[in-house]
1. Averaged across B:146-156, how many Cβ atoms of other chains sit within 10 Å of each residue's Cβ atom?
2. In straight Cα distance, which aspartates and glutamates are under 20 Å from B:Lys182, not counting same-chain residues fewer than 8 positions off?
3. Can you tell me which of B:136-142, B:126-132, A:182-188 comes out highest on packing, and rank the rest after it, using the mean Cβ neighbours within 10 Å?
4. Computed FRET efficiency, Cβ-Cβ of B:Trp240 and A:Thr60, R0 60 Å: what is it to the nearest 0.05?
5. In which sequence would B:Val225, B:Val106 go, from the one with the fewest C-beta neighbours within 10 Å to the one with the most?
6. Where the centroid of each part is defined by its Cα atoms, how far is the range A:93-149 from the range A:195-261 in Å?
7. Per residue of B:162-173, count partner chain C-beta atoms within 10 Å of its C-beta, then hand back the mean as an integer.
8. Residues of A:133-143, mean number of Cβ from any other protein chain within 10 Å of their own Cβ, rounded to a whole number?
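Each reported figure results from applying straightforward, stated rules to the coordinates on display, with no laboratory input. Predicted, not measured: the structure shown is a model, and the values here were computed from it. In this analysis, Cβ positions are derived from the backbone assuming ideal geometry, glycine residues included, and neighbour counts consider all displayed protein chains.
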Amino acid sequence: MSEGFIELDNATLRYPRSDTPAVVDISLSVPSGGSVALVGPSGCGKSSVLRLIAGLESATDGRVVVGGDAPGASRGAVGVAFQKSTMLDWRTVLDNVLLPLEVVSGPAGFRARRAEYRQRALALLERLGLGEYAHRYPWEMSGGMQQRASLCRALIHEPDLLLLDEPFAALDAFTREDLWGLVQSIWRERRPTTVLVTHDLREAVYLADTVYVFSKGPGRIVHREDIDLPRPRTVEGTFEPAFVEYVQRLRGHIVEVRDIDAGRATTDAKEPAHG
Amino acid sequence: MVDWMLNRRVLPWLVTLGTFLLWEGVVHGFAIKTFILPPPSLIATTLAAQWEPILQHSLQTLMTTLVGLALAVGFGVVLGLAVGASEKVYAGLYPLMVAFNSIPKVALVPILVIWFGIGTVPAILTAFLISFFPIVVNIATGLATVEPELNDLMRSLGASRLTVLRKVGLPRTLPYFFAALKVAVTLAFVGSVISETVAANAGVGYMMMVAGSRFEVPLVFAGLVVVGAMGIVLYQAFEWLERRLTFWASRG
Ligand SMILES: Nc1ncnc2c1ncn2[C@@H]1O[C@H](COP(=O)(O)OP(=O)(O)OP(=O)(O)O)[C@@H](O)[C@H]1O
Ligand SMILES: [Mg+2]
C-alpha cells in the first residue's frame, strides 16, 4: 500500500494546560488529491486533528506526516479556512484574500504580478457571490459572508493541502448547497488533498471520498466509511437512495457514540441520589 | 448629525470660553491682584504686546519637544517590539524599565547639564526620557496581545517571523501606538519645559523662569497658555492621523 499525502499514525494530542488528551490514537491516511470528511459530536477534537495536519500543533504521541515531509517540518502554504473568523480587520476583503499570495510570492514577486493576482482574487470573490464586497472591510460583512471570504482566502493560492473547518456553518441551506457544488468543481479542477470538518452529514457524503466518525472527546476514530458514489455529485443526487443510505448509516454511528455518552451521563446524574 | 457637529465642533470652544470667562469673573469679583492671578484679558494683551520673544521661545520649545518625541518614538517602537515579541527580553528588561520610569525626570536634569551643558540638549533628552516609557509599554502590549488565531493563519501560510510582524504585528499594534503617542506628546512638553526652567537660555520654560524672577506674572501665564495651546494642536494632529489610519479598530 502506498503512503498517503496525509498520514496520521496513532497520533495523540494533549494541549499543554489540560489533563485529558483532545484526540487519542488517530490513524488516518489520505491519498494525494483525495478528499476526506471528519464528523463527530462537538468538542470531540476534529479541529485539533486539523491543527495537527496543518502543522500548527505537534503530536504529543504518534506520527503525523504530510506530503512526505519529515514530521514537524513546515508544511509550506496550506489553505486553511478556520472555524473562527480570522479576517484581518485593517484590510479590505480583497486584500485579505490576497494575503496568501503576498506571503507565498514575497514582496517583489507579488508586486510583479499584482494586477494578475487582483484579477484572480476578484474572479474568485465573484464566484462566491462577494464581488460587490471586495472593497469593503470584513467587519462590514455578515458572518456567512466572512466565512465565504475566508474560503476564498484558503483557495486563492491553489494549495496542495486544503483544510476546511466547518466552512459553511454560518450559511443558509441553499447557499450552502451552491457552495458544495463550487468546492467540488474547484477540487476536481486542481485536486488539492482536502480535509473537511463538518456537522452536516449530507455535506460530508457529498464532498468526501471517505468519512471518519469520531467518538465524543477525547476523540477517537470509531468508524470509517468509503463513499462510493460517482462524481460529480449533485444536490438532486443527495435525495437518491444510495446517497441517503450513506447518510443514514453515518447517522447511526453518531447516534451510537452519543448514546454511549448519554448513557454515562444519566448514570452519573443518578449517582448522587443513590449515595 | 446636527448633534454630532455640535458636540465635536462647538462644545470644546464653548467650554474653553466659559472657563476663561469664569476665570475673568473670579479675578475681578474677588479683586485678586494681577501678580497673584492675572485675568485672561491681561494674559491676552501680554501675548499681543510681547508676541515676538514669546514666538521665539515657543518655537525653541516646540523644536526640543518634537525632537525628543521623535527620539522616544524611534527607540520606544524598537524596544517595544523587542519586548512584545520576546518573553526573554521582557523578563530581562522590565524591572530596569519600571525602576527607571519611577525616577522623577527633573532629578536627572542636573546630571544632563553636567554631561551636556546648559541649553537645548538637556531639554531634548528630558522630553525623550519622559515620553519614552508609555510608547514601549503600549507597543509591547499591542504586539503581545495579537490574537493567536491570526498567528495560526500566518503560520499555516508558512510566513516567516518577519512577515508575521509586517503583515499582522505592526498593523495590529497601530491603535496602541497612537494611544501612546497622545500621552507621550503631552509628557514631552512637560519634559522640555521642566528642563528649560532649570537649565536653558531659551524656550518657554526659560522665559517663564526669568519672568517669574521679575514678578512679570502675566508673562508666566502667557507661557503656560502657549504650551497648553501647542499641546492641544499636536494632540489634535495625532488624533486626526489616528482616525485616518486606524478607523478599522473602532469599526467606523
Ligand atoms: N488551545 C486549547 N487549549 C486547551 N484545550 C483545547 C484547546 N483547543 C481545544 N481544546 C480542547 O480540545 C478538545 C477538542 O477541541 P476541538 O476544538 O478540536 O473540538 P471540535 O471537534 O472541533 O469541536 P467543534 O465541533 O465544537 O468545533 C476540547 O475538549 C477542547 O476543550
Ligand atoms: Mg472545531
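1. On the way: counts 0, 2, 2, 6, 5, 2, 8, 13, 5, 7, 19.
Shielding by partners across B:146-156 averages 6.
2. B:Glu239, B:Glu242
3. On the way: B:136-142: 23.1, B:126-132: 27.7, A:182-188: 17.3.
Output ranking for B:136-142, B:126-132, A:182-188: B:126-132, B:136-142, A:182-188.
4. Numbers: r = 52 Å, r/R0 = 0.86.
Calculated transfer efficiency: 0.70.
5. Values: B:Val225 18, B:Val106 15.
Placing the least packed residue first, the sequence is B:Val106, B:Val225.
6. 32 Å
7. Values: counts 0, 4, 1, 0, 2, 6, 3, 0, 1, 4, 3, 0.
Across the residues of B:162-173, the mean count of other-chain Cβ atoms within 10 Å is 2.
8. Details: counts 0, 0, 0, 0, 3, 1, 4, 2, 0, 0, 0.
Counting other chains' Cβ atoms within 10 Å and averaging over A:133-143 gives 1.
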